[in-house]
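These notes concern the structure reproduced below.
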């Protein structure tokens, strides 16, 4: 069976709108794809262990990655480590820079009452999984909107310059009208099934 992992963004959850849209479409139209959207904390070492454990539990069946914002950063790490296809939605390229603005202050989840506190060690942890070079550009599809109010889309365009890209004028960080792209996302991922696993 094919597995698709959706990785949500910073302080988000499986309840996010895009995660729900993907799950609903797969449930209605693609019962051959098992859907996985783990709840992730902002703590990088914990997230790394959780995602690696999930991917390794699903292999050697085909595994697809889809991530938004910080989830796109994690998708890149996993795609490089395991040679997996990945679609990145307004991905964070250098989250360790933004994290500096949130250190030692309470951070509340967007979808629950959970509160987190980041420290300098978490910045080191997120840097440790950085992937400055993309070794298999054919594995990636970057989707970005230029009016993203949270991240500078040009950073992603530059990092993934050798990859397939869809850059839309306007929009926002949530990626407006995301649902209309889901069929194309699945088509791309299926065309780039794990080749060497």
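Values quoted throughout were computed directly from the atomic coordinates according to the rules given, and no laboratory measurement underlies them. Values in this document were obtained by computation on a predicted structure and should not be read as measured data. Every residue, glycine among them, receives a Cβ derived from its backbone with ideal geometry; neighbour counts consider all protein chains shown.
Roughly what angle does helix 17-29 make with the longest principal axis of the chain, taking Cα atoms, 0 to 90 degrees, to the nearest 10?
The helix 17-29 is inclined about 20 degrees to the chain.
Can you put 108, 164, 159, 18 in order, fewest other beta carbons within 10 Å first?
Final ranking by Cβ density, sparse to dense: 108, 164, 159, 18.
Using Cα pairs under 8 angstrom and six or more residues apart, how large is the relative contact order of the range 2-191, in percent?
21
May I ask what percent, to the nearest 5, of DSSP beta bridges between residues of the chain are antiparallel?
Here the antiparallel bridges make up roughly 10 percent for the chain.
On a 0 to 90° scale, report how tilted helix 44-58 is relative to the longest principal axis of the chain, with both axes built from alpha carbons and the result rounded to the nearest 10.
Orientation of helix 44-58: about 20 degrees from the principal axis.
Once you order the gyration tensor axes a ≥ b ≥ c over the Cα atoms, which shape class does the chain get: rounded for a/c under 1.5, otherwise prolate or oblate by comparing a/b with b/c?
It comes out rounded by the Cα gyration axes.
Find how much the distance from residue 161 to residue 1 grows on full extension, using 0.36 nm per residue of separation minus their present alpha carbon separation; answer in nm with one decimal.
My answer for the length gained is 54.4 nm.
If each residue of separation counts as 0.36 nm, what is the full-extension length gain between residue 138 and residue 150 once their alpha-carbon separation is subtracted?
1.6 nm
In what sequence, highest mean first, do 34-46, 2-14 appear when ranked by Cβ atoms within 10 angstrom?
2-14, 34-46
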